[in-house]
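Worksheet for the structure shown next.
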Amino acid sequence: MDLASGHASMRSRLRRAFHAGLSLPHGTEAHLAGALRDTLQHPGSMVRAELAFRIACSFGVTDDRSENLAIAIEYFHTASLLFDDLPSMDDASLRRGVPCAHHVYGEGAAILAALALINRAYSLVWKSLAGLPAEVQAAALTYLERHLGVAGLLN
């Protein structure tokens, strides 16, 4: 496989994983389900996911673990965009060329969709780190806390 087709294959894999990585249980409230489905249908550029996947693979992390980590990072980012679009923040009307989730499904559904993505992201991080040496786990989780917590994304 040449470099271009390898890149296209990786990009396609990550887009499929982004879309399929958060399954909705039967009976999920309609507004929440709609907000999540629409959000998962429009993944954006996936640059962060691609970088995370390539970097993890370059350190010898398996493709499955690298994928989990890459999608977790993209879910964290996407959740931050859902929050950022809310009326209490930027009050955006469009994201990635489509109406923002809070305009279509309501603020509550947009907030719950963001929280669902964050919860799923942490689960994927756990899956990518499970079984790795304790010092690797600790370093990765410290890094996440630093960049996603009050001193990072929230600041």
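The table for this structure:
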quantity	calculated
Additional length obtainable on full extension of the chain from residue 26 to residue 48, 0.36 nm per residue less Cα span	4.9 nm
Two-site FRET efficiency, residue 37 against residue 138, from Cβ-Cβ distance with R₀ of 35 Å, rounded to 0.05	0.45
Ellipticity estimate at 222 nm from DSSP helix runs (n ≥ 4, -39,500 (n - 2.57)) divided over the chain, nearest 500	-23000 deg cm²/dmol
Cα gyration tensor shape for the stretch 3-129, rounded if a/c is under 1.5, else prolate or oblate	prolate
Neighbour-count order for 100, 57, fewest beta carbons within 10 angstrom listed first	57, 100
Peptides ranked, highest mean first, by Cβ atoms within 10 Å: ranges 75-85, 123-133	75-85, 123-133
Packing-based exposure ordering (other Cβ within 10 Å, fewest first) of 18, 53	18, 53
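No value in this document is a laboratory result; all are computed from the given coordinates. From a predicted model like this one, the values you see are computed outputs, not experimental measurements. Reconstructed Cβ throughout: ideal geometry from the backbone, glycine too, with neighbour counts over all protein chains shown.
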